[in-house]
Amino acid sequence: MRSVAVIRKEGMEYLTEKLGILETEVFISSLLRDRFDYTEWQRDYFDNKFSAEEFLQNAADFDKRFPFKPVKDSKNT
């Protein structure tokens, strides 16, 4: 697993690329201000979206459409 520092760096890069600097700051501030609980949000968000069976079927369908293909590491070839 990658370090927390690397994940944070890449997360900030992604957010600023997608939202811009100002909206990234607004997003992060809103998470801190509202004491955002990702686990609670995830439960609320997915609670009425899919049953467990539907979720698993969607995941299987996605896997069929986009099968995992490992990238060859040029250092090891």
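The values are calculated or read from the model by the stated rules, or taken from the named source; none is laboratory data. Quantities reported herein were computed from a predicted structural model and do not represent experimental measurements. A quick note on method: Cβ atoms are made from the backbone with ideal geometry, for glycine too, and the neighbour counts reach across all protein chains shown.
Is there a residue in region 2-16 that is among the basic types (Lys, Arg) and closer than 27 Å to Asn58 by Cα? Give the steps one after another, and end with the answer.
Within region 2-16, the subset among the basic types (Lys, Arg) is 2, 8-9.
Those left that are additionally closer than 27 Å to Asn58 by Cα: none.
No, region 2-16 contains no residue that is among the basic types (Lys, Arg) and closer than 27 Å to Asn58 by Cα.
Within the set of pairs 6 or more residues apart or between chains, which connect a residue that is surrounded by 10 or more Cβ atoms within 10 Å (Cβ to Cβ) inside region 23-48 to a residue that is not in a loop (DSSP other than H, G, I, E, B) with Cβ atoms less than 6 Å apart?
Final answer for the pair search is Thr24/Leu15; Thr24/Thr16.
Could you check region 17-47 and list, in sequence order, the residues that are charged (D, E, K, R), more than 29 Å from Asn58 (Cα to Cα) and at pLDDT below 90?
Scanning region 17-47 gives Arg33, Asp34, Arg35.
Tell me the helices (runs of 4 or more DSSP H) entirely within the chain that contain at least 3 residues that are β-branched (Val, Ile, Thr) and under 19 Å from the mean Cα position of the chain (by Cα). It would help to see each step written out before you state the result.
Working: elements: 4-33, 38-47, 52-65.
Helices (runs of 4 or more DSSP H) meeting the threshold: 4-33.
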